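Data block below; observations after.
The values are calculated or read from the model by the stated rules, or taken from the named source; none is laboratory data. Here the structure is a predicted model, which means the values were calculated and not measured. Using ideal geometry, Cβ is built from the backbone for each residue, glycine included, and neighbour counts are taken over all protein chains shown. What goes into the accessible areas is simple: the full protein's heavy atoms, side chains included, and nothing from ligands, DNA or RNA. Shrake-Rupley method; radii C 1.70, N 1.55, O 1.52, S 1.80 Å.
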Amino acid sequence: MSFTVPPNLEAEIDELITHYPVKRSASLMLLHAVQEHFGYISQEAVEWIAKKLGLQPINVYELVTFYPMFRQQPVGKYQIKVCRTLSCALGGSHELYKHFCTKLGLDPHQHGLQTTKDGKFSVEFVECLAGCGMAPVMMCNEDFYENVSTAKADEIVSQCK
Amino acid sequence: MPQEFKLILKHADEPGYTPDIECYLRHGGYEALKKALAMKPIELPDGKTKSPQEQIRDDVKLSGLRGRGGAGFSAGLKWSFVDRKSGKPIYLICNADESEPGTFKDRQIIHKDPHQLIEGMIISCFANDVHLAYIYIRGEMPKGAKLLNQALAEARAKGFLGKNILGTGYDLEIYVHRGAGAYICGEETGLIESLEGKRAYPRIKPPYFPAVLGLYMCPTIVNNVETLCHVKHIVTMGGAEYAKLGTPNNTGTRIVSLSGHVKRPGYYEIEVGKVTLGELINHPNFGGGLRDGRKLKAIIPGGSSSKVLKAGEKFKLKRKVDGKDVEVETDVLDLPYDFDSLMQAGTMSGSSAIIVMDDSVDIVEALANLSEFYAHESCGQCTPCREGSLWMSKALHRLTHGRGRKNDADYLEKIANNIPGGRTICAFGEACSWPVQSFVAKFRDEFIAKGAADEERNKQAAPAKEKNLAAVH
């Protein structure tokens, strides 16, 4: 599969690089930009970014494997991240996570990210999302939701077209 | 009556208050910056002059401002360590990687009043001769990053940022840099590595003190979001006036994140030390008490890394009575919520995040939850932390899944005691051990009872299987 970066994305990337006196600093921002466009970071993307920044591919690949937000495989169109950490757990995040899994036909006991067969939803537990006073909290792609009851969860899912 | 004191969040939650620059300007925004930039050098009695930059830095020192990120270190002192003679550029980084479990205060500032942070940053940069600064925001706040970028563009358009700010000849550029989900980036040297485009492996100190060898091996200041906002108010009020807020050595206000089993969880800004832990939990102006019919069991007072406090615990607090130092026995709920009192109680106010747990909580489950967090977030650089945090999490997983042992409390304690204390590069070693040490020490009976019950049951059910489980250790 060929990897082509469209001109507008490349222009955005070139602009990002100007923010730093040392090009390598732009690595995370470039990975974000590429992942937002392609949905995940492929081997070709790693090589492309490395070339762009004058680095070895390993310098970029080691970031993809270190930072939890970067993906090496495609994920669902809607990525549901439920907070797992203490305050949200006290506020019912386990029930919320199970609810999403059951509703979307996923295994609530399986560890790690799961994607529905149609590729529409991914569900995973993530660590503290900094919304502890409004527990349980979650994200659906870029949107952040507070005090998510199972009824609210159903509503969020129904809004994903 | 204990009540909120809103300095940072004065406008954020007012109806109709929006995060754009016009709204900020209508509320007196960027006046502190104008004041700072218009300051004149002062002639000192010895014939020397004191530059406006030095005046601001001295004012921050005078204000007694302590870092709001977690360590509570004097902000003025931190700035005074900056190597200004190296000839290298000085950088400033705003640590907006808010990820200490329990903490959600910076989120409020970033999303509701981004210009306040930017104004505080510009003043701090001016005071420290910084011309390039970054806001390192956690990856899970994409909207916050967008809002900040928009706010920065607005500030640039109004001449508060960029070349020749307000015609003074001072140049500054600020960029937003996004993290990607790693808790360790909140540690300042890890953050710097991450900003350099590397894995966020914290650097060893000495020699890599950011004030001397920080970003690109140049002098660097790393301050928390809330800390930088306070700088704006220190310039507005004057350091001496600011220092009247709060209590001695614990000056100013703080935004407390309150979560867990209270009726009114949320964020509350208080004068430091003027409100007690008990008032924060029980007073109708704050947490409003526990859920009906429930009793208090435990409090995590300063983010998940701080040592847990048990309901009913008593501490000897040093107090000044008639000019004399005396020790006063203080109940956990009567601890003034400040840096020093909590330190005297053997814990810390950390990132000022309180997690309240009532008697419905299985304390072993709660610790297992936190330990899983630390095992996931250890960067993996130092063996005691990488392995130790995972061992503790595995043992607690066993203990919460019916495969515990009577001696698990000792086992957990042994690991937790062998991670911190200079065996690791950064304080994550402490952060992952403190919860385990304190939970096990204070709720030992529950750990032993759970382990013993499992052991007994498993011995009767399948003695052979129990032997195999030894391999888990």
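With respect to residue B:201, is the statement that it is within 26 Å of residue B:304 (Cα to Cα), out of contact with any strand residue (DSSP E or B) (no Cβ under 6 Å at 6 or more places or on another chain) and touching a residue at least 24 places away in the same chain (Cβ under 8 Å) true?
For residue B:201, the condition - within 26 Å of residue B:304 (Cα to Cα), out of contact with any strand residue (DSSP E or B) (no Cβ under 6 Å at 6 or more places or on another chain) and touching a residue at least 24 places away in the same chain (Cβ under 8 Å) - is met.
If you take the residues in region B:365-387 that are in contact with a Gly (Cβ under 8 Å, 6 or more places away or on another chain) and not basic (Lys, Arg), which one is farthest from the other protein chains (Cβ to nearest Cβ)?
Across region B:365-387, the extreme among qualifying residues is B:384.
Could you grab me the full set of residues in region B:325-356 that are open to solvent by 10 Å² or more (accessible area, probe 1.4 Å) and at positive phi?
Matches in region B:325-356: B:346 only.
Restricting to helices (runs of 4 or more DSSP H) lying wholly in region B:362-473: which have 2 or more residues that are hydrophobic (A, V, I, L, M, F, W, C) and within 31 Å of the chain's Cα centre (by Cα)?
Hits in region B:362-473: B:363-377, B:383-399, B:408-417, B:428-442.
Scan B:149, B:164 and give me the residue that is over 28 Å from the mean Cα position of the chain (by Cα), of a type outside the set (Val, Ile, Thr) and either under 25 Å from residue B:22 (Cβ atoms) or modelled with pLDDT of 95 or more (or both).
B:164
Looking at region A:38-55, which of its residues are within 14 Å of another protein chain (Cβ to nearest Cβ) and in contact (Cβ under 8 Å) with a residue 24 or more places away in the chain?
Selection gives A:40, A:41, A:52, A:53, A:54, A:55.
For region B:164-213, what are the residues that are within 24 Å of residue B:115 (Cβ to Cβ), away from every other protein chain (no Cβ under 13 Å) and in a helix (DSSP H, G or I)?
B:165, B:166, B:167
Please tell me if residue A:96 is assigned to a loop (DSSP other than H, G, I, E, B), under 22 Å from residue A:159 (Cβ atoms) and more than 14 Å from every other protein chain (Cβ to nearest Cβ).
So residue A:96 does not fit the description; no.
Just need a number here: residues in region A:56-83 that are at the interface with chain B (Cβ under 9 Å from one of its Cβ atoms) and of a type in the set (Phe, Trp, Tyr).
Residues meeting the conditions: 3.
Give the residue, chosen from B:63, B:80, that is of a type in the set (Ser, Thr, Tyr), away from chain A (no Cβ under 14 Å) and under 16 Å from residue B:245 (Cβ atoms).
Residue meeting the stated conditions: B:63.
Does residue A:14 satisfy the condition of being open to solvent by less than 70 Å² (accessible area, probe 1.4 Å), farther than 21 Å from residue B:138 by Cα and charged (D, E, K, R)?
So residue A:14 fits the description; yes.
Quickly run through region B:219-241 and pick out the residues that are over 21 Å from the mean Cα position of the chain (by Cα), over 22 Å from residue B:97 (Cα atoms) and touching a residue at least 40 places away in the same chain (Cβ under 8 Å).
B:235, B:236, B:238, B:239, B:240
If residue B:280 satisfies every condition in (1) on the phi < 0 side of the Ramachandran plot; (2) within 13 Å of chain A (Cβ to nearest Cβ); (3) open to solvent by 40 Å² or more (accessible area, probe 1.4 Å); (4) not hydroxyl-bearing (Ser, Thr, Tyr) but one, which is the exception?
Single failed check for residue B:280: (3).
So how many residues does region B:182-212 have that are open to solvent by 20 Å² or more (accessible area, probe 1.4 Å) and closer than 25 Å to residue A:71 by Cβ?
Matching residues across region B:182-212 total 7.
Restricting to region B:124-159, and then to whatever is out of contact with any Gly (no Cβ under 9 Å at 6 or more places or on another chain) and of a type in the set (Phe, Trp, Tyr), can you tell me which residue is surrounded by the fewest Cβ atoms within 10 Å (Cβ to Cβ)?
B:126
Restricting to region B:36-93, name every residue that is part of a loop (DSSP other than H, G, I, E, B), within 22 Å of residue B:206 (Cβ to Cβ) and under 22 Å from the mean Cα position of the chain (by Cα).
B:67, B:69, B:70, B:71, B:72, B:73, B:81, B:82
Of everything in region B:36-77 that's closer than 22 Å to residue B:339 by Cα and of a type in the set (Ser, Thr, Tyr), which residue is least open to solvent (accessible area, probe 1.4 Å)?
This residue is B:63.
Is there a residue in region B:117-132 that is part of a loop (DSSP other than H, G, I, E, B), of a type in the set (Ser, Thr, Tyr) and touching a residue at least 60 places away in the same chain (Cβ under 8 Å)?
No, there is no match, as no residue in region B:117-132 is part of a loop (DSSP other than H, G, I, E, B), of a type in the set (Ser, Thr, Tyr) and touching a residue at least 60 places away in the same chain (Cβ under 8 Å).
Can you name the number of the only condition in (1) open to solvent by less than 30 Å² (accessible area, probe 1.4 Å); (2) in a loop (DSSP other than H, G, I, E, B); (3) more than 10 Å from chain B (Cβ to nearest Cβ) that residue A:129 fails?
Looking at each condition in turn, residue A:129 falls short on (3).
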